[in-house]
Amino acid sequence: MTTTAPGLTPRTAAGSKARPASRRAPAPAPAPRSLISAQELARPRNRRVYYAVLTLTIVLFVAVFVFPLYWMASSALETPREFAAATPTLLPKSVHLSAYRDAWTQMDIAHFFLNTVYYAAGGWFIQMAVDVCAAYSLSRLRPVLGKFVFGAMLASLMLPAAALLVPLYLTVNDLPILHLNLLNTPWALWLPGAANAFNIYVLRRFFDQIPGDILDAAAIDGASRLQVLLRVVLPLSRPVLAVVSIFSVVGMWKDFLWPLLVLQDPDRQTLSVALHRLSTSTTQVPPTEMIAGLTIAAVPMIVLFLVFQRHILGGLSAGALKG
């Protein structure tokens, strides 16, 4: 009489090749988690309440965030008399593009627009070069006192920006060692923002999760530290680089207080500083032209976000590599 072990067929017990008695079915994929379960949402009353609350929330968010932009863009299409009317209107009675044309030419918005593009592009390049190298060094090269330096960078995030204005201004007014005056130069905007602690933290966190075997294989093939960074690390870090780049450009574009302090020459001012100066100057600027200038200043960043919003969300959520 042949006895068999539990879970084995008689043929297996006789010495033939072992086979599993049965294959386990793959585990079902976990259901997506939400505030309301699928069972509760299946009920008609709960479903109506859910979609009513969702619709109300979307309408409130649109009213809070989108309506000011709409009001700014539509107000520039009105005449000054319509804009100054006692009863405001949601839709302009007549559309006039002259305010945008006059703001672009008479207020010289084009010149200040190009100034801002130049400052944002240069600031992005310098900031990316410094932050990527600093994050890569702290993540992979492990320098002496690297943890202390990284901790000091993170501690600087706790300081309010207003507390740093005076020491930064004194530094760019008389650059240590070189004794150069950087006021009214692009370097007054580029150098203070070169080492961004938040960007370095985000980049280092991403670099830490790149498998070391990939970098070791590149080193075995004869790649230097710089070649590993340029040819291996940076191509793998495109999502987080896109996020950091967008943050850098937006930060340079919307900054107002620091350019107001260091760019005192009207011809070298950014768009935000120039609009503020024109609004307080003795020359009377029609309100519709001023609003048209504000709209022109806001459009590039809105378009940038709409185009790269998927990259922003994907880069922020990128925490590991999938092999």
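The distance between label points at Gln209 and Leu304 comes to 2.5 nm (points 7 Å beyond Cα on the Cα→Cβ vector). When +1 charges are put on Lys and Arg Cβ atoms and -1 charges on Asp and Glu Cβ atoms, the dipole computed for region 98-229 relative to its Cα centre reaches about 260 debye. Among residues other than Tyr136 with Cβ under 9 Å from its Cβ, the summed charge is +3 (Lys and Arg +1, Asp and Glu -1).
Please work out the average accessible area per residue across region 108-322, using the 1.4 Å probe convention, and give it in Å². Numbers along the way, then the final one.
Details: 11990 Å² over 215 residues.
On a per-residue basis, region 108-322 sits at 56 Å².
The simple spin-label model puts a point 7 Å past each Cα toward its Cβ; for Arg231 and Ala194 those points are separated by 2.8 nm.
Computed over all pairs of different Cα atoms, the Kirkwood value for the hydrodynamic radius of region 162-250 is 15.8 Å. Taking every C-alpha pair closer than 8 Å and separated by at least 6 residues, the mean separation divided by the residue count of region 108-322 gives a relative contact order of 32 percent.
Per the Debye calculation on region 108-322 with a single equal scatterer at every Cα and no solvent contribution, log₁₀ I(q)/I(0) for q = 0.08, 0.11, 0.13 Å⁻¹ amounts to -0.36, -0.65, -0.86. Look at the alpha carbon pairs under 8 Å that are at least 6 residues apart: their mean separation over the length of region 105-199 gives a relative contact order of 42 percent. In this calculation the C-beta distance from Asn173 to Arg43 is compared with R0 = 56 Å, giving a FRET efficiency of 0.25. Here the accessible area of region 108-322 is 68 percent carbon and sulfur, with a 1.4 angstrom probe and all protein chains present.
The values are calculated or read from the model by the stated rules, or taken from the named source; none is laboratory data. Since we're looking at a predicted model, the values are computed, not measured. Here Cβ is always computed from backbone atoms with ideal geometry, including for glycine, and neighbour counts include all displayed protein chains. Surface accessibility is based on the protein's heavy atoms, side chains included, excluding ligands, DNA and RNA. Shrake-Rupley method; radii C 1.70, N 1.55, O 1.52, S 1.80 Å.
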